[in-house]
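A short worksheet on the structure shown next.
The values are calculated or read from the model by the stated rules, or taken from the named source; none is laboratory data. Computed from a prediction, not measured in an experiment: that's the story for all the values here. Reconstructed Cβ throughout: ideal geometry from the backbone, glycine too, with neighbour counts over all protein chains shown. Accessible surface is based on the protein model in full, side chains and every heavy atom, while ligands, DNA and RNA are left aside. Shrake-Rupley method; radii C 1.70, N 1.55, O 1.52, S 1.80 Å.
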Amino acid sequence: MPFNLVPEDEKAAEASKQLAQQLHDLYKHECYGTKKKESCHILGEFYMTVERDVDKAKELFEHTCEELNFSESCLALGNIYLAHEKYEDPEKAMSLFLRACEKKSPGACNNAGLVYQSGLKNSTIAKDMSKAVEMFRKSCDYGHKNGCFNLSAIYLMGKDGIPKDMQKAFELSFKSCEMMHPWGCANVSRMYATGDGVEKSPQQAERYKRLAKMYSGHYDYNIKT
C-alpha cells in the first residue's frame, strides 16, 4: 500500500475522532468560558457517552444543575443516582426528578412517574399510582410522548385503584401517536378496530396500523395519512 493511502474506514474513524474533539473543545469553551448552561449539559453528555467517564459527567451535571439551574442536568444527574451502582441513591434520584419536573422537564416528570408506578426496593419510595398518574400527566402536558403513552396504558387497563377509562386511553394514545410513538399508534389502531373509546372505523384502524409500522421503522411507502 502506498504510504500516503489510508483505508476508508480508518479515514472515517479519524475524521469522527477529530470532529468529536472539536465539539468537545467548543462545548468546553462555551461552558467554562461563557457559562452557557446548555453547553455544560452537552459536555456532560459527551463525558457520559463518548468518554464513558461517569465521574466527570456527574461532576459537571451537578454543577450545571445546582449552580446554573438547568433542569435537564438535574434529570441526567438523577439518572446517574438511579442507575449507576457506584452512586446509587434512589431517594436523591427521585428528589432530582421532582425538582426538574417542577421546572417543566418532561423527561423528569416521566421518570418520576415510572418510579411511583412500581416503587423502588431498598428505598423509602413506595408504589403510588395516584402520584404516577400526576407525573405522567405533567410529562404528557409538557410534550413527552412516553408520558402520554404511559398514562394511556394505565387508563387502558385500569390499575391499582385507577379506574379503566377507554375514552381517556384513546385521547392519550392518540396524542402519543401524534408525537410518533409507535405503540400509541398501535393502540389507536386497535381501539378504532374494536370501537373502544372511539367510534369504530376499519379505515382509521388501518391508517394508524400503518403509522405504527412507520414509526417503528417498518416504513410503508404506500402509506396514506
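Adding -39500 (n - 2.57) for every DSSP H run of four residues or longer, then dividing by how many residues the chain holds, sets the calculated 222 nm ellipticity at -22500 deg cm²/dmol.
Here, P(r) means the percent of Cα pairs in each 5 Å bin from 0 to the largest distance; for the stretch 85-156 it is 4, 20, 28, 24, 15, 8, 1, 0.
Of the solvent-accessible surface of the stretch 40-148, computed with a 1.4 Å probe and all protein chains present, 46% belongs to carbon and sulfur. For the stretch 1-148, what does the relative contact order come out to in percent, with C-alpha contacts under 8 Å and a separation of six or more? Computed value for the stretch 1-148: 12 percent relative contact order. When the residues 48, 135 are ordered by accessible surface, computed with a 1.4 Å probe over the protein chains alone, the sequence from largest down reads 48, 135. Residue 103 contributes about 70 Å² of solvent-accessible surface, heavy atoms of the protein only, 1.4 Å probe. With coordinates expressed along the principal axes, the C-alpha atoms belonging to the chain extend over 67, 53, 32 Å, beginning with the largest. Each residue, residue 22 and residue 162, gets one label point 7 Å from its Cα in the Cβ direction; the gap between the two is 4.7 nm. Note: the stretch 131-210, Cα convex hull, 67 Å³ per residue. The GluC sites (Glu not before Pro) of the stretch 30-128 meeting both criteria, a DSSP state outside H, G, I, E and B (loop) and at most 14 other C-beta atoms within 10 angstrom of the site's C-beta, are 51, 67, 88.
Ordered by 1.4 Å accessible area with all protein chains kept, 63, 144, 181 run largest first as 63, 144, 181. A Gaussian network model of the chain, with springs between Cα atoms under 10 Å, assigns the largest mean-square fluctuation among 113, 147, 161 to 161. Taking a Cβ cut-off of under 9 Å around residue 30, the surrounding Lys, Arg, Asp and Glu residues balance to a net charge of +2, with basic ones at +1 and acidic ones at -1. Remark: accessible surface ordering of 214, 129 (largest first) is 214, 129, probe radius 1.4 Å.
Taken over the alpha carbons of the stretch 31-94 as equal point scatterers, the Debye sum produces base-10 log I(q)/I(0) values at 0.14, 0.20 Å⁻¹ of -0.34, -0.68. Only Lys, Arg, Asp and Glu carry charge here, each on its Cβ (+1 for the first two, -1 for the last two); on that basis the chain has a dipole of about 940 debye about its Cα centre.
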